[in-house]
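Worksheet for the structure shown next.
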Amino acid sequence: MAFSSSMRGGRRRKFKSEINVVPYIDVMLVLLIIFMAVPANEAPSVVNLPRAEKSALPPSTYIQVEVKPEGRLAIGVRGERKVASEDVGDRAALLQRLRALHEENPDYPVLIAGDRDSKYDDVIQLISEAKKMGINRVGLATK
């Protein structure tokens, strides 16, 4: 019995009653970084575009290229001699018609009217193609 009493009466284990908070602090710092970074990417569709002033004298006659939703394209001459816009099938047909209209009227500027629902890339590609044709005055039609 002396053996059992010495075990009981001997050294006692002391339990730690502290909570180790270091892992919790690490987790909280990671969550803080995540919550700081996520709102920056929450609304990527909001773009602050620069404002442009209206030109003093808009062109009286011009070639208008329309980029409609779902990639449909139309072209026509607007101004003094009104020619109705004609729908063209694809980009190659539009560029061919634009080249023909520019050769007939080399002094007419080209205005590209892109619908709100049209792709930004389509409008930029049309501006690039018009510049490659040698058309110096290319602009965007706005409301």
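By how many nm would the segment from Q96 to K68 lengthen if fully extended, with 0.36 nm per residue of separation less the alpha-carbon distance? List each step's numbers first, then the result.
Values: separation 28, 0.36 × 28 = 10.08 nm, distance 1.83 nm.
Taking Q96 through K68 to full extension adds about 8.2 nm, to one decimal.
Quick check: from the Cα gyration tensor, does the range 62-140 come out rounded (a/c under 1.5), prolate or oblate? Working shown, then result.
Values: a/c = 1.56, a/b = 1.30, b/c = 1.20.
Cα axes put the range 62-140 in the prolate bin.
Charges only on Cβ, +1 for Lys and Arg, -1 for Asp and Glu: so what's the dipole of the range 62-140 about the Cα centre, in debye to the nearest 20? Intermediate values should be presented prior to the final figure.
Working: 13 positive and 14 negative charges, 33 e Å.
The dipole magnitude comes to about 160 debye.
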Task: Ascending count of other beta-carbon atoms within 10 Å, so fewest first, for S17, S128 - done: S17, S128
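None of the figures in this text is laboratory data; all of them are computed from the coordinates on show. Bear in mind the structure is a predicted one, so any value in this text is a computation, not a measurement. Note that we place each Cβ from the backbone using ideal geometry, even for glycine, and neighbour counts take in every protein chain shown.
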